[in-house]
Amino acid sequence: MGSPGPASDITIDEIRGFFSRTGQPSTPFFTEEVADALECPRQTARRHLEELAERDEIRTKGGTDSTRVWWNPEQRRSGGQQADEEQFRAFVSAVEDYAIFMLDPEGTVASWNEGAERIKGYSEDEIIGKHFSTFYTDDDVADGAPERNLEVAAAEGRVEDEGWRVRKDGSNFWANVTITAIRDDDGTLQGFTKVTRDMTERREYEQQLKEQAERLERQRDDLEAELDDIFERIDDAFYALDEDLKFEYVNERTEEYLGRSAGELLGRKPWEALDVDRSDSIFERFETALATQEPTSFERYSEPLEMWAMVRVYPSESGFSVYFRDVTDRKERERELKRTHELLEHAERIADVGGWAIDTATRELEVFWTDHLFEMLDVPRDKEPSLEEALEIYHEDDRLILENAIEEALNSGEPFDVEIKFSTSSGEMHWLRIKGAPDVVDGEVVSLRGAVQDVTERKERERKLQRVRERMEFALNATDAVVWDWNADADEASFYPSAESLYGTTVETWEEFLDVIHPEDRQQVQQAIENALEMDESKSEEVRIVRDGEVRWIEAPGHPVEDDDGTTRMVGVARDITERKTFEQKLKESNERLQQFAYAASHDLQEPLRMVSSYLQLIEDRYGDVLDSDGEEFIEFAVDGADRMRDMIDGLLDYSRVETEGDPLEPVDLNAVVEGVLADLQFEIEDHDAEITVEKLPSVRGDASQLRQVLQNLLENAIEYSGDEPPRVHVSATQTGDEWVLSVSDEGIGIDPDDQDRIFEIFQRLHTQDERDGTGIGLALCKRIVERHDGDIRVDSEPGEGATFSVSLPAPEDT
């Protein structure tokens, strides 16, 4: 759907006046000529012309606006149609701006007018009887354009075409051609009318406009918005409202945006046809434009359409035209551009980056600095410095470095990147990284632009890193350790200080590393690496290598790392642990022999003790009647000593079996463990009138049987050393990181801080046998059990203030 031109108040009387003002009232005119003469829209002119024709005041002939002509007959004559036909043929013959002629059904020229002779150059005698393809270019004739046009006209009634045509003298002109089929009352094809108009000047004008538009587009700056408006106008949504704000016209784009057809909108007010409020400010703007007759434009966000729109309103006395288009993308770009600009300003200051440029077109090579660069260099912003002045700002020791870099860039067109020192006005020394990139046009450097970044912190980090590297190198040399780095994607390995120092040979790939590993350990190493990469977890194993024919042990923990570019690496430290493994093997063998000795010794000691106890019991049974009180007391001392010796031997056996006869560590519910211990101590608790409170306890990773020994020992001690008051004991637990701390607190006699380490040593007691029963093994056994769980046991106490024993135990792995 097209857009009407500006509104006009042309009346039918002015159309009548147009014909009366012409020198010859019977001269025929095309619709376009009438519209141009009266400066009104073609639609308005045609509407009035048709009304005059219906009133029989003027005559008309033709099809569309481009071929229809109108004239005022000089007089009314009877036999009107025949007279009109004769007059029309006379008009056609006299028309000079159009070539109007007849073709027979085969396309042969059958008639000719003055306009045809003027436009095409042929006289009537020269062209009658010739085929009309004479007027087509060779390419069009070869393409079958003449025959195709006749076929379309015969089939559809008419065809309109534009293209190059050929005059008699061989010159080309751009033609607008309309071919209309002529049929008799029976429908038989009688021939064709062909109307040709020379549009060369118009086309040249259009070409000039196109070239001018392209030039303007290349040169656009401040006029960019206005030019965009002109060229994008075709894509605008357009509608017309009358003075009552009722829709008079809508184009297709408006229908798309509003989601309504023209039939649903025409004759209705916007708030009647659409989901909008009458109080919307846009209608106030419309009414203001109508009242002032001043065009207006504005941008607004439309809630119903969910878009930003550029709206242009052109009022007239009878209503107004409204153009609008979606500018949401532009608004978003503007918002993003503003946001980007703000971010760049912030980033420039955060990163301490300033920009600079050197204009090579100036004689003194003028320098431009951004605002932040003035701030960075602590220079007043009164004027742009020259190159010489700019160079003087940098440290004199490094000034020549920058000067040479700039000179080389200007001569070679190659970029540079240097780091130099700079002293602030307060005397602080800063490091600056200066980068420059030349702009080269036709082999010549036209400007040099770059950036300055304060890298003082980075240089300080590098200095500290160098110190760390030196210390690490010293530590590695002292421990014979090697740092390794394996790129899993590229299969490249590197070592520091070298692979030879540890492996006795170069190692650059994974396969070369596996070749060094002892054959029996290779599968273990391969599996450990695969698991670490797959699970993104650290790996640590002790494996054997073969170095110069000798089997040695190494420890090579590592952790997977993913670089910024997605590359996967394993990094770690490897060191020779052969001496430690040799010592551990000897220690293991020594422990085994010690355990064998402890078992044998306890077995050998138990047998005499059983014999002593048996004979003492036998003496008491047989000779009890003849023994005096001293004798009975002596036997009682001997039996008690034997019992205590048996308890010590049992405790010693338990102590030696902690590592060898313990169960695997697995999740253990401490609530169940405490419940079992309290059941075992039920009679002791009742005898001492003890009160034991237990909070809800967690699950830990441990050996349930050994943890039961620890808790039973701690609770028995809490009851035993309660003092004169009934025992009050509290059991609780708190989590710290990946471990739980189990606490047993009492209100007993307490422990002197000087003795708190000694009580965990074997056979160490703080009280005599007469004061307190015991073997001196219980807390030592607790400590060894806790250490087997990779935990720790400690006591916090003051004499007379009670004691709190704390045991740290690992949390289950799944928590």
- Considering only protein heavy atoms, what is the solvent-accessible area of residue 514 at a probe of 1.4 Å, reported in Å² to the nearest 10? 20
- Work out from phi, with θ = phi - 60° and the Karplus expression 6.51 cos²θ - 1.76 cosθ + 1.60, the ³J(HN,Hα) of each residue of the stretch 143-149, listed in order in whole Hz, and give x for Gly and Pro. 7, x, 4, x, 4, 5, 5
- Query: Hey, if you put +1 on the Cβ of every Lys and Arg and -1 on every Asp and Glu Cβ in the stretch 352-460, which of 434, 368, 412 ends up farthest toward the positive end of that dipole?
  - Reply: 434
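About its Cα centre, what dipole magnitude does the stretch 352-460 give when the only charges are +1 on Lys and Arg Cβ and -1 on Asp and Glu Cβ, stated in debye to the nearest 20? Numbers along the way, then the final one.
Working: 10 positive and 28 negative charges, 40 e Å.
I would put it at about 200 debye.
Only Lys, Arg, Asp and Glu count, each charged at its Cβ (+1, +1, -1, -1), so figure out the dipole size of the stretch 413-561 about its Cα centre, rounded to 20 debye. Kindly include the intermediate steps, with their values, before the conclusion.
On the way: 17 positive and 34 negative charges, 211 e Å.
Its charge dipole is roughly 1020 debye.
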- Query: Under 22 Å from the Cα of residue 783, which lysines turn up, not counting those fewer than eight places away in the same chain?
  - Reply: 588
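GluC sites (Glu not before Pro) within the stretch 503-569: which are DSSP loop residues with at most 16 other Cβ atoms inside 10 Å? Provide the component values of the computation, followed by the final result.
Numbers: sites: 508, 511, 512, 520, 530, 534, 537, 541, 542, 550, 555, 562; in loops: 508, 537, 541.
Filter output for the stretch 503-569: 508, 537, 541.
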- What is the set of long-range amide H partners of residue 318 at a cut-off below 5 Å, with H atoms built 1.01 Å from backbone N? none
- Vicinal HN-Hα couplings computed from phi for the stretch 43-50 (Karplus, 6.51 cos²θ - 1.76 cosθ + 1.60; Hz; Gly/Pro x): 5, 5, 4, 5, 4, 5, 4, 5
- Restricting to Cα pairs under 8 Å and 6 or more apart, the percent relative contact order of the stretch 99-203 works out to 28
- Over the stretch 220-331, relative contact order from alpha-carbon pairs under 8 Å, at least 6 apart, %: 25
- Projected label distance in nm at residue 626 and residue 151, using a 7 Å step from Cα toward the beta-carbon: 15.2
- Describe numerically, in nm with one decimal, the distance between label points set 7 Å from Cα along Cα→Cβ at residue 350 and at residue 584. 4.8
- Message: Can you find, among 311, 290, 241, the residue sitting farthest towards the positive end of the charge dipole of the stretch 225-357, where Lys and Arg contribute +1 and Asp and Glu -1 at Cβ?
- Response: 311
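At a temperature of 25 °C and a viscosity of 0.890 mPa s, determine how fast the stretch 220-331 diffuses translationally according to Stokes-Einstein, using the Kirkwood radius over alpha-carbon pairs as Rh; express D in µm²/s, rounded to the nearest whole number. Display every interim value, and only then the final one.
Details: Rh = 14.5 Å.
For the chosen part, D equals 169 µm²/s.
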- Spatially proximal lysines relative to residue 331 (Cα-Cα < 16 Å; intrachain offsets below 8 disregarded): none
- Message: Given 37 °C and 0.692 mPa s, compute D for the stretch 352-460 with the Stokes-Einstein relation, Rh being the Kirkwood radius over Cα pairs; round to the nearest whole µm²/s.
- Response: 232
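To the nearest 20 Debye, how big is the dipole of the stretch 662-810 about its Cα centre, given +1 on the beta carbon of each Lys and Arg and -1 on that of each Asp and Glu? It would help to have the intermediate numbers written out before the result.
On the way: 11 positive and 34 negative charges, 121 e Å.
Around 580 debye, computed over the stretch 662-810.
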- Go from 0 up to the bin containing the longest alpha carbon distance in the stretch 99-203, width 10 Å each, and give me the % of pairs per bin. 16, 51, 29, 4, 0
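What per residue convex hull volume, in Å³, comes out for the stretch 662-810 when only alpha-carbon positions are used? Kindly include the intermediate steps, with their values, before the conclusion.
Details: hull volume 16.1 nm³, N = 149.
In the stretch 662-810, the Cα hull volume divided by residue count equals 108 Å³.
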- Task: Select from 587, 543, 554 the residue farthest towards the positive end of the dipole of the stretch 540-591; place +1 on Cβ of Lys and Arg, -1 on Cβ of Asp and Glu, and compute about the Cα centre.
- Result: 587
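The values are calculated or read from the model by the stated rules, or taken from the named source; none is laboratory data. Keep in mind it's a predicted model, so treat the numbers as computed, not measured. Reconstructed Cβ throughout: ideal geometry from the backbone, glycine too, with neighbour counts over all protein chains shown. What goes into the accessible areas is simple: the full protein's heavy atoms, side chains included, and nothing from ligands, DNA or RNA. Shrake-Rupley method; radii C 1.70, N 1.55, O 1.52, S 1.80 Å.
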